[in-house]
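What follows is one structure encoded as structure tokens, with my remarks underneath.
The values are calculated or read from the model by the stated rules, or taken from the named source; none is laboratory data. Quantities reported herein were computed from a predicted structural model and do not represent experimental measurements. Note that we place each Cβ from the backbone using ideal geometry, even for glycine, and neighbour counts take in every protein chain shown. Surface areas here come from the heavy atoms of the whole protein model, side chains and all, with no ligands, DNA or RNA. Shrake-Rupley method; radii C 1.70, N 1.55, O 1.52, S 1.80 Å.
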Amino acid sequence: MRRELKQDLDASVPVNIMLDEEKKNAILQEAHKRIETKQPSPKPIVKPIITSVAVIGLAGFMAFPYVQQELQQHASQEVNISNAIQQVTIRDGNYPDLINAVFVDNTNELIYTDGKGIYTFSVGSNTTQTLVNSKGESQIPGVSVAANEDWIVWDYAGKSTHILNRLNGEIKEINTFGFLQIVGNRLIYMASHDGTMRYEQFDLHTFKKTLIHGSSGEGSNSYPGINDGKLAISERVNKKAGGGVSFTIYDLEKNLQIGIYTLPYERAENVTITDNKVYASLSNEDKSSTTLGYINLEDGQFYEIEVPEFDAYAIYENYLALSIPVKNSNTVKLFAIDNDKVEPLPYLNHIKERLVKPRFTDKGTLVLNGEGEDRSMYLVDVNAFDN
């Protein structure tokens, strides 16, 4: 009987409201108490029927405050999601150019190149400005553009690297090899010196170069991970030296090596530092399976994250964006990490187009490219979901 009453109570609640078991039981118990304290029932034969109807009617009435509370919470959540996810459509930007666009949190702008120039799109005013015009027929690869609110760095097809000071408009030229990344007022890059590759940092104010790391010569499958004043460089280890992939961690402020960690994989891709952990997508050359895991810099141990099959990932603290298979394609879904397992989050579900190229800014903005008709981009402030 009680099970049937709970089913009837469920039917009386709006479909978009989910009352937990504790609230349902509280409502039914209170309804029973109120019925029992009323006048004696009529004939015993009809008592069960009358009591059941009375309980359900009273329970439905008593559930109203709970339903109202759930409706308010549901509406509040919808407002938070609406405020946290921003759709951006750049009418004069082409999809192949926007796939590598850089979002700058402090200035609320997207910076991208079409190979001929570098442009900034103001998300607030929906306007585009040209920042850099190409030299003749020289091409600016999208992957070579690094930017923040003060600096823009790019190279012309690997021939020379240029630095734009956005405050005064001055452009300087230096020699680098690639892997350009800006951290505050410093440029991190790979350079060639006496026939060997190494990582250097360049002070964009003083133009002083400092050696960070000499490459092993075996190469890497990832840009270095940079965050919280730390740099993580991954490199393949020669099989004669035991094989695997090594991670060398540096303190950028002190220019000191923190540690070296070696994992039994042949490839490390998308190396990322967040929450004092070094994450990477790990696999072997045959790509038969891919592992997502991290080195905890506090205890020096490696931990694997239990995730569904994925093609690409981006991570910020305990928020994980995965490009996962859907039917005959894939799209990006958002997850929360808890005890090295993931729980799906519903925040991207209302976006009905395919989403690709997930990447987080240092401040927690998830940047996504959509493949809908207008090729919109989406900016997702995951910090807003915690409020």
- Query: Taking the range 277-349, how much of its Cα-Cα pair set, in percent, is spaced more than 22 angstrom apart?
  - Reply: 22
- Query: Can you list residues whose amide H is under 5 Å from THR331's amide H, if they're 5+ apart or on another chain and H is modeled 1.01 Å from N?
  - Reply: ILE324, VAL326
- Message: If packing is taken as the average number of other Cβ atoms within 10 Å across a peptide's residues, how do 194-205, 163-174 rank, most packed first?
- Response: 194-205, 163-174
- How much solvent-accessible surface does THR291 expose, in Å² to the nearest 10, with a 1.4 Å probe and all protein chains in place? 20
- Taking a quarter of the surface of the convex hull around the Cα atoms of the range 129-235, what do you get in nm²? 7.5
- Task: Return the sequence-ordered ³J(HN,Hα) values of the range 371-381 in whole Hz as given by the Karplus equation 6.51 cos²θ - 1.76 cosθ + 1.60 applied to θ = phi - 60°, using x for Gly and Pro.
- Result: 10, x, 4, 8, 6, 5, 10, 10, 10, 10, 8
- Query: How many lysine pairs in the range 269-387, separated by 8 or more positions in sequence or lying on different chains, have Cα atoms less than 28 Å apart?
  - Reply: 20
- Message: Report the gain in length on full extension from ASP275 to GLU149: 0.36 nm times residue separation, minus Cα-Cα distance, nm rounded to one decimal.
- Response: 43.0 nm
- Message: About the Cα centre, and with charges only on the beta carbon of Lys, Arg (+1) and Asp, Glu (-1), how big is the dipole of the range 119-265? Nearest 20 debye, please.
- Response: 300
- Percent of C-alpha pairs per 10 Å bin, the range 166-291, short to long: 12, 42, 32, 11, 3, 0
- Just read off the accessible area of ARG375 with the full protein assembly in place, 1.4 Å probe, to the nearest 10 Å². 90
- Quick one: accessible surface of SER215, probe radius 1.4 Å, all protein chains present, in square angstrom to the nearest 10. 40
- Task: Could you work out the per residue convex hull volume over the alpha carbons of the range 194-257, in cubic angstrom?
- Result: 104
- Can you pull the semi-axes for the range 265-304, root of five times each eigenvalue of the Cα gyration tensor, sorted largest first, whole Å? 20, 10, 7
- R0 = 56 Å: FRET efficiency of LEU211 with ASP311, Cβ-based, nearest 0.05? 0.95
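Go ahead and run the numbers for FRET between GLU173 and SER329, Cβ-Cβ distance against an R0 of 56 Å, rounding to 0.05.
That pair, GLU173 with SER329, gives E of 0.85.
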